[in-house]
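To keep things clear, I will list the structure first and then write my remarks on it.
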Amino acid sequence: ALMIERLWRSLTARVLLLVTFVALAGSLVTGVALVRTQTQANLDQAAATLSLQADNLADRVGGNRRVATATLLARLARQGVVVAVAPPAPPPPFTSGDVAAAPSQPAVRTVAGREWLVVARPADDARVVLLARPLAQARGLTTAQRNRAVLAAGLVLAVGVLAGLLLAQGITRPLARVAAAARRLEAGERDVRAGATGPREVADVGAALDALAAELADAEDRQRRFLLAVSHELRTPLTAVAGYAEALADDALPPEDVRRAGEVIRTEAGRLQHRVEDLMALARLQAADFRLEPGPTDVAALVRAAAEAWTPRAAGTGVPLRVEAPEAGPVAWTDGERLRQAVDALVDNALRVLPSGAPLVLAAGATAPAGTGVWVQVRDGGPGMTPQDMADAFTPGRLTERYRGQRPVGSGLGLALVAALVGRMGGSVSASAAPEGGVAFTVVLPAAPPGAG
């Protein structure tokens, strides 16, 4: 029973069993059709033969050739043919109607529950010759005919089983290869390729698995590079903190340097805390229980409030900050606090790289057609981004790794946080070239709650 259960769980066994069943049904249909065709052919042949025999016997009886007639009658008797000459009245299976009608074509009748093939021929003006043969005998198959029917049915069954075996192998071999590739992928291998072979549906599964393996390898590579970048960002402040703390603990600093050491420790600890908070924020955004409190939010008012908060820092670095938003701003259905968090992250990211005198613009407006959505934009006149930079902007650590040592960079998490946050709010964020010469980050959010309108 256990072996049967295991076989039934096998796709190969199921396909083979199904095709075998269909082949068996086909072989039965073939055998039945062949037998019916052959019996009808036998019946037609027997009717033709019986008609010829009746013609021959009628000629002999009419010509009074007794010896030849006796020989023919003996041969007919050996063949199971019943012969009668009327008058007098013929015995069963003949009837008086046969004598009166003398049918030229064989007729089938049932006498005492037995079917007969009957034919009659006038021998002369007074007599009629009648011949009858059991219908079962006339239609019966010979041994050779039975063997041919069995052989044909067997060939159909054998071809069906062979086709089922080939079909099962054609389906299950690619599937087995895909399953083996999936197990290797699960075991940690990343250069696994199942190959898009076999039936189209199986090939699609193999191609999807190959794409998944490539994407997984790329994701793990990005994660590895991101962790390296984060560890580098954390190591720098930790090194400074640990160095000055050790010097203070060993009382190795002169009194005039103690205050400066404390400032360095505080500054680097703040940087370290900022990096850790970024990591924690990204982890919270990816959690299933991350909560939002959406509602109507005046994005123009939000943009002006953000500009007011960031103006002192912008002025301190010589960056002119301006707002482009209507007085009565468009309203978005979103979490205002989270949207402000995203805008603050974009402004902070811009101020890190902007040189003195480069403009920074906070803008807001409604998308076309009106009422479908709103947008918030942070544009700058900084060094800008290449098309590849814009495509990679929201991948954690990608730009930090690319531009470390060339321009001021952060932890590489800020833009990733913005993308994750905006995505959780049901919106989208993109990067494009800004009219001011730098880059424009555009956040698009719905103007109405989901399902409204």
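Just a few scattered comments:
- Among the residues of the stretch 177-202, those that are modelled with pLDDT of 75 or more and either hydroxyl-bearing (Ser, Thr, Tyr) or part of a helix (DSSP H, G or I) (or both) comprise ARG177, VAL178, ALA179, ALA180, ALA181, ALA182, ARG183, ARG184, LEU185, GLU186.
- Note on the stretch 162-194: among residues that are closer than 30 Å to VAL22 by Cα, of a type outside the set (A, V, I, L, M) and open to solvent by 40 Å² or more (accessible area, probe 1.4 Å), the one that is farthest from the chain's Cα centre (by Cα) is GLN169.
- Options VAL108, VAL29: the member that is modelled with pLDDT under 85, exposed (fewer than 13 other Cβ atoms within 10 Å of the Cβ), of a type in the set (A, V, I, L, M, F, W, C) and in a helix (DSSP H, G or I): VAL29
- A count restricted to the stretch 124-145 and to residues that are surrounded by 22 or more Cβ atoms within 10 Å (Cβ to Cβ) and not in a strand (DSSP E or B) stands at 1.
- Subset of the stretch 244-300 (residues that are closer than 17 Å to ASP335 by Cβ, at pLDDT 70 or above and open to solvent by 40 Å² or more (accessible area, probe 1.4 Å)): ARG291, LEU292, GLU293, PRO294, PRO296, ASP298
- The residues of the stretch 111-123 that are open to solvent by less than 50 Å² (accessible area, probe 1.4 Å) and touching a helix residue (DSSP H, G or I) at 6+ places or on another chain (Cβ under 9 Å), listed by number, are TRP116, LEU117, VAL118, VAL119, ALA120, ARG121, ALA123.
- Scanning the stretch 215-230 finds no residues that are surrounded by fewer than 16 Cβ atoms within 10 Å (Cβ to Cβ), on the phi > 0 side of the Ramachandran plot and at pLDDT 70 or above.
- Within the stretch 146-161, the set of residues being of a type in the set (A, V, I, L, M) and either over 33 Å from the mean Cα position of the chain (by Cα) or not in a helix (DSSP H, G or I) (or both) comprises ALA149, VAL150, LEU151, ALA152, ALA153, LEU155, VAL156, LEU157, ALA158.
- Of all the numbered requirements in (1) open to solvent by 70 Å² or more (accessible area, probe 1.4 Å); (2) under 20 Å from GLY365 (Cα atoms), ARG340 misses one, and that requirement is (1).
- Considering each residue of the stretch 305-324 in turn, none proves to be in contact with a Gly (Cβ under 9 Å, 6 or more places away or on another chain), closer than 16 Å to VAL429 by Cα and surrounded by 21 or more Cβ atoms within 10 Å (Cβ to Cβ).
- Helices (runs of 4 or more DSSP H) within the stretch 359-432 that include 2 or more residues under 33 Å from the mean Cα position of the chain (by Cα) and either modelled with pLDDT of 80 or more or not hydrophobic (A, V, I, L, M, F, W, C) (or both): 387-392, 414-424
- The stretch 70-103, subset at pLDDT below 75 and hydrophobic (A, V, I, L, M, F, W, C), residue surrounded by the most Cβ atoms within 10 Å (Cβ to Cβ): VAL99
- Qualifying positions in the stretch 433-448 - over 33 Å from the mean Cα position of the chain (by Cα) and either over 29 Å from PRO369 (Cβ atoms) or modelled with pLDDT under 90 (or both): GLY437, GLY438, ALA447, ALA448
- Test: residue in the stretch 41-49 that is assigned to a helix (DSSP H, G or I), within 19 Å of ARG109 (Cβ to Cβ), over 60 Å from the mean Cα position of the chain (by Cα) and without any contact (Cβ under 8 Å) to a residue 24 or more places away in the chain: yes
The values are calculated or read from the model by the stated rules, or taken from the named source; none is laboratory data. On a predicted model such as this, the values are computed, not experimentally measured, just so you know. Quick reminder, even Gly has a Cβ in these numbers, built from the backbone with ideal geometry, and neighbours come from all protein chains shown. The protein model used for the area step is the full one, side chains on, heavy atoms only, and it has no ligands, DNA or RNA in it. Shrake-Rupley method; radii C 1.70, N 1.55, O 1.52, S 1.80 Å.
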